[in-house]
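Note sheet for the following structure.
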Ligand code: PMP
């Protein structure tokens with residue numbers, strides 16, 4: 001045994017490892033253990049594992065741009081021009097021009113004064129919320145907001161009041177209970193990641209002005225999918241009104257990274273106060289080059305967005321015709337099953353038929369609301385969508401579970 005491990009044992013005995021193992025055993029017993037599976041991507045919608053091909057129905061690559069020649073070219077050019085790594089935090093080692101270009105274009109795209117790129121959407125949420133909120137602020141957060149919003153709220157030490165999902169009346173009651181002049185933030189996913197529904201941002205905006213609160217929307221799943229691709233604020237015609245539009249470069253934009261689009265004061269404030277921005281090495285030129293190229297594609301090639309919308313409509317029709325309720329609002333199709341056991345059974349059935357439809361279980365969704373979260377992209381074709389819907393319908397029937405949302 002290595003010296004450091006011996007020391008650890010002397011210090012803690014076996015107790016800590018035993019505790020970790022018990023936690024893992026609990027997960028195994030509750031059918032809730034997470035494991036990593038290796039897949040080799042073939043293109044934007046197909047992957048390979050042990051020489052068998054699978055159809056990917058569980059990615060957020062909504063516009064199918066990860067294999068687009070123009071985007072790959074953007075990544076290659078970025079690396080060739082500026083190297084493979086950025087070498088440090090942007091405040092220390094400098095900002096290479098691709099960052100400036102991307103932030104300028106993102107601000108234009110989101111109709112805001114400025115934008116700031118973070119390393120991931122997760123870091124953007126955590127770094128933004130913990131910077132703008134402190135223990136004297138109250139945050140009003142939709143109960144189904146993404147984990148990175150929840151973690152940002154926790155880190156901020158602000159008072160957090162979670163309101164029932166999209167329940168504007170409930171939110172109003174909570175807002176009324178807080179001093180009018182106290183600092184407040186309302187924060188919501190634009191498109192909810194596990195449900196695919198759209199936040200009532202117009203109503204949230206009205207409340208934010210009535211009760212003197214900042215309004216922040218997380219467009220991780222809304223950019224490239226709604227509001228003509230521009231996201232939730234654009235969907236409601238509120239781009240100039242929403243205080244903070246946050247998003248990710250890792251889903252529709254086929255790269256990796258996050259961003260915040262807002263007015264100059266907020267962006268300058270984040271550059272100075274956001275710890276996940278300040279204390280982390282910047283993204284690589286290839287990441288930024290790919291995101292910038294993807295943004296150009298989204299803005300200039302309307303066929304991509306049209307293909308996505310056609311596929312969303314087609315998949316919703318297909319599911320509905322098989323008695324599985326679905327809406328055509330967004331590319332996220334949550335198939336609510338219920339128990340972990342049934343959900344895993346459906347997921348395995350799909351897998352054996354060559355389809356990846358991951359079982360989504362607690363804590364990602366509430367206990368008893370496990371589901372298969374299917375996503376369609378601009379790169380799927382109708383034959384693939386038909387196959388997925390038919391296989392899913394068969395699985396639900398054979399396993400005799402609900403399949404309802
Ligand atoms: N917000 C939401 C709503 C998300 O679903 C996700 C990722 N699943 C994130 C933020 C984090 O984005 P990223 O993957 O770029 O860290």
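Projection of the Cα convex hull of the stretch 11-130, averaged over all directions and equal to a quarter of that hull's surface, yields 13.8 nm².
When the inverse distances between all different Cα atoms of the chain are averaged and flipped, the Kirkwood radius reads 22.5 angstrom. Based on Cα contacts under 8 Å between residues 6+ apart, the chain shows a relative contact order of 21 percent.
Most tightly packed first, judged by the mean number of other beta-carbon atoms within 10 Å of their residues, the peptides 17-26, 128-137, 114-123 read 114-123, 128-137, 17-26. For the pair the stretch 19-56 and the stretch 278-296, the centres of their Cα atoms are 28 angstrom apart. Mean-square fluctuation check for the chain, GNM, Cα pairs under 10 Å: which of 342, 287, 14 is largest? Among 342, 287, 14, the largest mean-square fluctuation in the Gaussian network model of the chain belongs to 14. Taking a ≥ b ≥ c as the square roots of the eigenvalues of the Cα gyration tensor, the stretch 319-390 is prolate, since a/c reaches 1.5 or more and a/b is larger than b/c.
Quick check: Cα centre of the stretch 207-239 to Cα centre of the stretch 324-388, how many Å? Distance between centres, Cα-based: 26 Å.
Under the rule a/c < 1.5 gives rounded, and otherwise a/b versus b/c splits prolate from oblate, where does the stretch 116-161 land using the Cα gyration tensor? Because a/c hits 1.5 or more and a/b fails to exceed b/c, the stretch 116-161 counts as oblate.
Restricting to the chain, compute how many DSSP beta bridges are antiparallel as a %, nearest 5. Spell out each step's value before the answer.
Values: 26 of 46 bridges.
Percent antiparallel among DSSP bridges in the chain is about 55.
Between rounded, prolate and oblate, where does the stretch 63-131 land on the alpha carbon gyration tensor, with a ≥ b ≥ c its root eigenvalues, rounded for a/c under 1.5, else prolate if a/b exceeds b/c?
oblate
By the count of other C-beta atoms within 10 Å, a proxy for reagent exposure, 333, 192, 279 are ordered fewest to most as 279, 192, 333. The Cα center of the stretch 116-180 and the Cα center of the stretch 251-272 differ in position by 17 Å. Rounded to the nearest 500, the helix-only mean residue ellipticity at 222 nm of the chain stands at -14000 deg cm²/dmol, with each DSSP H run of n ≥ 4 adding -39,500 (n - 2.57).
DSSP beta bridges confined to the stretch 151-266 are antiparallel in about 45 percent of cases.
Any read-out appearing in this document is the output of simple, stated calculations on the displayed coordinates, not a laboratory observation. As the structure is a prediction and not an experimental result, all values here were calculated from the model. Cβ: placed from backbone, ideal geometry, glycine included. Neighbour counts: every protein chain shown.
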